[in-house]
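The values are calculated or read from the model by the stated rules, or taken from the named source; none is laboratory data. Computed from a predicted structure; not experimentally measured. Here Cβ is always computed from backbone atoms with ideal geometry, including for glycine, and neighbour counts include all displayed protein chains.
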Amino acid sequence: MIGQINRIAEFWADWMWPMFWQVSLLIALIGAVDYLLRRHLWPQIRYAMWLLVLVKLLLPPTFALPTGIVSRLHLSPDRPLAKQHDGSPASFASVPGDELDRRGHGPKGYAGSTEDPESMGATADTSAGMAMTSEVSAHLSWEAMAMAAWFIGGLILTIWLAAGYARLSRIHCKEDNGHVPESFARLLADTAHRLRLRHLPRVVLSQNIESPAVFGVLRPALLLPARGMEDLSPREAEHILLHELAHLKRRDLQVHAFCIALQVVYWFNPLLYLVRRQLQHLRELCCDATVAGILMERSED
């Protein structure tokens, strides 16, 4: 059992360590390019650049892992091979039949042949080595301990995030603290049609927020402050709706949830927190650019 855990932990380490330094290098590269060209690139392009980090986290760190299928096809370097007449290595299939052991155990002189006394000693040494290996594997390796720490940290982070989401859902989406004006509801339907949204979000007036926001992944809700809605002009209300519904149109909530899920898996990389914060900032800029483009098209018409 412990030996199997050690093998799993070895595969885990072969995945996590290359992923750590490769993603860190990619983040440093994208961060440098974004810093140098931030005034010359559209926010949509900058946002797509940072999304490459999430794509990299889904790809294997290398296509030649030690535990891969290709590596298993290679023979062990300390494994003896039969020799052909020209001295080149050969498999058992290429060895003439008269050179095989009469009992079918392999070529003469090969470790394991019953006709070679030295091979019997080698077999005994191999059995002793296997016994020693089993004794060593009775202890957890450092990879197994590191994997256990990674699992516990990810579990704690998952519980903390789930509790926070449940608390926000209970506060914001379970109680409606007011009635949405009819004019605002009509403006919401018109704005959603302009953005080609198929489904209108549920509108929630909350006493716990001071600025509009969207919340939820499967069933998004538009959160509006309960105070001050009647004082908004139609133009201000339109700008707010365009910005918030642009998040739904771009599926920013789903991307944000996906980013958090990957961050839970690779929580030990502190640079991913920087990536999430940068993506949040660029999402707001992208939505502002969407609103500006729609308003500009309407002014030209």
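For this structure, a couple of remarks:
- Residues satisfying the stated conditions in the stretch 1-41, i.e. aromatic (Phe, Trp, Tyr), free of Cβ contacts under 8 Å to residues at least 24 places away in the same chain and either closer than 17 Å to Leu279 by Cβ or buried (at least 16 other Cβ atoms within 10 Å of the Cβ) (or both): Tyr35
- Of all residues in the stretch 164-176, none satisfies being under 28 Å from Ala257 (Cβ atoms), surrounded by 13 or more Cβ atoms within 10 Å (Cβ to Cβ), among the basic types (Lys, Arg) and modelled with pLDDT under 90.
To keep it simple, each residue is scored yes or no on (1) at pLDDT below 85; (2) farther than 30 Å from Trp21 by Cα; (3) among the aromatic types (Phe, Trp, Tyr).
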position: Ser206; (1), (2), (3): yes, yes, no
position: Ile209; (1), (2), (3): yes, yes, no
position: Ala213; (1), (2), (3): no, yes, no
position: Ala221; (1), (2), (3): no, yes, no
position: Arg235; (1), (2), (3): no, yes, no
position: Leu241; (1), (2), (3): no, yes, no
position: Leu248; (1), (2), (3): no, yes, no
position: Ala257; (1), (2), (3): no, no, no
position: Tyr266; (1), (2), (3): no, no, yes
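- Checking Ile294 against (1) over 22 Å from the mean Cα position of the chain (by Cα); (2) free of Cβ contacts under 8 Å to residues at least 60 places away in the same chain, the condition it does not meet: (2)
- In the stretch 187-215, the residues that are within 18 Å of Ser233 (Cβ to Cβ) and without any contact (Cβ under 8 Å) to a residue 40 or more places away in the chain form Cβ pairs under 7 Å with partners that are surrounded by 15 or more Cβ atoms within 10 Å (Cβ to Cβ) and among the charged types (D, E, K, R), at six or more places apart or across chains, as follows: Pro212/Glu244.
- Per this entry, Leu161 is not counted among residues that are of a type outside the set (Gly, Ala, Ser), surrounded by 14 or more Cβ atoms within 10 Å (Cβ to Cβ), within 22 Å of Val291 (Cβ to Cβ) and out of contact with any His (no Cβ under 8 Å at 6 or more places or on another chain).
- Check on Ala144, more than 30 Å from Lys249 (Cβ to Cβ) and either small (Gly, Ala, Ser) or at pLDDT below 85 (or both): yes
- Residue within the stretch 234-244 that is under 26 Å from Ala162 (Cα atoms), free of Cβ contacts under 8 Å to residues at least 60 places away in the same chain and of a type outside the set (Phe, Trp, Tyr) present: yes
- The one condition in (1) touching an Asp or Glu at 6+ places or on another chain (Cβ under 9 Å); (2) exposed (fewer than 15 other Cβ atoms within 10 Å of the Cβ) that Trp50 fails to fulfil: (2)
- Residues that are basic (Lys, Arg) and assigned to a helix (DSSP H, G or I) within the stretch 5-55 comprise Arg7, Arg46, listed in sequence order.
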